[in-house]
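Written out below as structure tokens is the structure these notes cover.
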Ligand code: M6R
């Protein structure tokens, strides 16, 4: 979604802000803008289009002396919600006086009513955005103290916001505030930088403060003074970011997605590191902060998430039920939050989110906490809101995931869910010996993924056969059913091919009517339980002339004759098989999208972190 960067310090604010916006491009956006304060004046440049367009405008409009002199500013990439992408709707927006400027992420839900009240007082609006209403409101309260004006205005606001506000009269400070939209402050040497995402900060400093909801902060080059919504100072811990700027760069790959697919053996190794106990045949997951006795007392698991994280949860259900004998439900987070869910005292709610900022998943966490559930977070982004609000959980340690299409986070989510199921199983019904054997299987995961990656060229060849398709079906059974759904999601989001992930048994209850020789079917024919039924389902597709691709286990020669093309994955247990299979499907989608010349890292209409409902 939208990206925010703010800077105050001894460097050129223009350079730092443009550099920060480039780091946030992966989030998906349609407009970009910048506001700087210099010699008691605001300078604002903004338009629809890319950050490189904004950069050209900055260089054409402000000469080098000016750009070097400017030490304070705010900048934004906008992902349109209220009003289409235009220069007028791009941020920063100004108040009625034109002396305050603001960038905003989130949605001001009561903006229409506020706009009417302000218009009645003579305010004139230049955009269709909810954000412009907020800066006008702040301007209405402004009497020389920006922080007071921000606090006063926010009392009237319903909705979500991460904001950064500057005043032409205050060239030394930026006021920021958050509610439901993340903001991180980076503390450097004689400079302070604020951003919606730590990746815009790490080139400057790794010392950061994650703001909480309802926090307001005054940012100067000396640091940050954090206050609560009533303008009373509060203390917030300084954290150290444990990855560097290089981790968020492409490193020679054509796309972040490809880099992240190929990083998976290392990412998975990092996820597993130190977490398997070979002697006791269990997993060591200290972030859960629960004793074996407490874990044994859990009666039901409810998993919530969205998109790829939801699919990971669906695989997790198989793990928890099989290894721990634990009833498990998986719910789309938005459905869960609005359904008045029933929560029992012995329930454990597991919230899965790569970003840790997804609005619906966060709201589901809050609902579950409100009802007294034990809530555990499975997040990748350290210090993210869900990670902090759950208070207990397991980090994926996949490293920064920049591509909009989630890849390494998914496989690490599966690895972590499998370790969780092993741990819960050992607290309940699994023998030590079985636990040791499962631990041994889990340890092979990075190598299984390496072997899939070694078959990349073969997957390219298959992708070339099907890159012109308009529709696709992905079929699976058992724990391969959610993997099929995830494969279809990957294909549709980056290649724009309509793809459906279906349970193979469900196909003949309707969708089979769509099959003909133009609709390829990609079937999970892994040599695990249910394979023979999958083969029968594929025959049903072939009888309707659908071209078929099978994901098959290496050495399983019987199945090969049943499909037109094959993608091989190494032989492994049914517990680990979803991971190499998912990697093969990621590569397939990636190559199809590349052949179709799609903007893989920033697909149209999508954002990396969905912080609105
Ligand atoms: O950050 P989260 O895991 O909570 O994100 C959830 C979804 O928005 C995300 O998985 C989305 O579906 C991806 N684009 C899938 O590749």
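Looking across region 413-444, the residues that are in contact with a strand residue (DSSP E or B) (Cβ under 9 Å, 6 or more places away or on another chain) and closer than 30 Å to residue 202 by Cβ come down to 413, 416, 417, 419, 420. Against the test of being in a helix (DSSP H, G or I) and outside the structural domain of residue 12 (by TED's automatic domain parsing), the options 153, 267 yield a single qualifying residue, 267. List every residue pair whose Cβ atoms sit under 8 Å apart, with the two residues 6 or more apart in sequence or on different chains, where the first one lies in region 340-365 and is more than 11 Å from residue 393 (Cβ to Cβ) and more than 8 Å from the ligand (Cβ to nearest atom) and the second, anywhere, is in a strand (DSSP E or B) and modelled with pLDDT under 90. Taking only residues 6 or more apart or on different chains, the pairs are 359/180; 362/180.
Just one of the listed residues (232, 198) is more than 27 Å from the chain's Cα centre (by Cα) and modelled with pLDDT under 95, and it is 232.
One line per residue, one yes/no per condition, for (1) modelled with pLDDT of 95 or more; (2) within 17 Å of residue 197 (Cα to Cα); (3) buried (at least 24 other Cβ atoms within 10 Å of the Cβ):
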position: 15; (1), (2), (3): yes, no, no
position: 22; (1), (2), (3): no, yes, no
position: 30; (1), (2), (3): no, no, no
position: 49; (1), (2), (3): no, no, no
position: 56; (1), (2), (3): yes, no, no
position: 62; (1), (2), (3): yes, no, no
position: 71; (1), (2), (3): yes, no, no
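Scanning region 142-201 for residues that are without any contact (Cβ under 8 Å) to a residue 24 or more places away in the chain and closer than 30 Å to residue 250 by Cβ yields 186, 189. Taken together, the criteria exclude residue 327 from residues that are more than 15 Å from the ligand (Cβ to nearest atom) and at pLDDT below 95. Restricting attention to region 482-503, the residues that are assigned to a strand (DSSP E or B) and farther than 18 Å from residue 577 by Cβ add up to 4. A residue that is part of a loop (DSSP other than H, G, I, E, B), touching a strand residue (DSSP E or B) at 6+ places or on another chain (Cβ under 9 Å) and in the same structural domain as residue 457 (by TED's automatic domain parsing) can be found somewhere in region 574-581. Just a yes or no: is a residue in region 67-81 within 30 Å of residue 363 (Cα to Cα), free of Cβ contacts under 8 Å to residues at least 40 places away in the same chain and touching a helix residue (DSSP H, G or I) at 6+ places or on another chain (Cβ under 9 Å)? So far as region 67-81 goes, no, none of its residues is within 30 Å of residue 363 (Cα to Cα), free of Cβ contacts under 8 Å to residues at least 40 places away in the same chain and touching a helix residue (DSSP H, G or I) at 6+ places or on another chain (Cβ under 9 Å). Given the criteria within 26 Å of residue 234 (Cβ to Cβ) and surrounded by 21 or more Cβ atoms within 10 Å (Cβ to Cβ), does residue 147 qualify? Taking the combined requirement at face value, the residue does not satisfy it.
Tallying residues that are in a helix (DSSP H, G or I), more than 12 Å from the ligand (Cβ to nearest atom), touching a residue at least 40 places away in the same chain (Cβ under 8 Å) and surrounded by fewer than 24 Cβ atoms within 10 Å (Cβ to Cβ) within region 294-318 yields 4.
For region 426-442, the count of residues that are within 16 Å of the ligand (Cβ to nearest atom) and over 22 Å from residue 314 (Cβ atoms) is zero.
Within region 588-600, the residues that satisfy the criterion of being under 15 Å from residue 404 (Cα atoms) and crowded, with 24+ Cβ neighbours inside 10 Å are 589, 590, 593.
The values are calculated or read from the model by the stated rules, or taken from the named source; none is laboratory data. If you're wondering where the values come from, they're calculated on a predicted model, not measured in any experiment. Here the Cβ is made from the backbone with ideal geometry for all residues, glycine too, and neighbour counts use every protein chain on show.
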